[in-house]
Amino acid sequence: QVQLVESGGGLVQAGGSLRLSCAASGRTFSTYAMGWFRQTPGKEREFVAAINWSGSNTDYADSLKGRFTISRDNRKNTVYLQMNSLKPEDTAVYYCARPRITGATRDSTLYNYWGQGTQVTVSS
């Protein structure tokens, strides 16, 4: 059984920063890659960032590269998403997810475990 619990969302003004956390259960956290996705009502879930099992390789959506940073602490079974220079269009529910592969991937079909999500709202 794998459970993912996101935290750190909230209301922030444009230009501000937030740091999201995703705590994973179990002792197999370091075996797999992790990813962040986001979703706005009426839109498909979109890829945000991914990180490989060790944290040595990352991937980002082109529009977010430079503003968002994904990282992980395998000793704490936690993956993070640092979000800087936030814009109103970043408003969404952010989900962490885990695939059954070790490499960072933006393919949502490879992710089989998902958290409940945390709301991020950016005001103008």
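The values are calculated or read from the model by the stated rules, or taken from the named source; none is laboratory data. Just so you know, these numbers come straight off a predicted model, no measurement behind them. Just so you know, the surface numbers come from the protein's heavy atoms only, side chains and all, with ligands and any DNA or RNA stripped out. Shrake-Rupley method; radii C 1.70, N 1.55, O 1.52, S 1.80 Å.
Brief remarks on what is shown
- In sequence order, calculated HN-Hα J values of segment 51-58 (Karplus, 6.51, -1.76, 1.60; Hz; x Gly/Pro): 9, 6, 4, 9, x, 7, 9, 9
- When the Cα gyration tensor is reduced to axis lengths a ≥ b ≥ c, the ratio a/c is 1.5 or higher for segment 28-71, and with a/b not above b/c it is classed as oblate.
- One compactness figure for the chain is 0.97, namely its Cα radius of gyration divided by 2.2 N^0.38 Å.
- Apportionment of accessible area to carbon and sulfur, the chain, percent (1.4 Å): 45
- Once the 1.4 Å probe is applied to the protein heavy atoms, segment 30-102 comes out at 49 Å² accessible per residue.
- Multiplying the residue separation of SER30 and VAL2 by 0.36 nm and removing their Cα-Cα distance gives an extension gain of 8.8 nm.
- Set of aspartates and glutamates with alpha-carbon distance to LYS87 below 18 Å, sequence-local pairs under 8 removed: GLU46, ASP62
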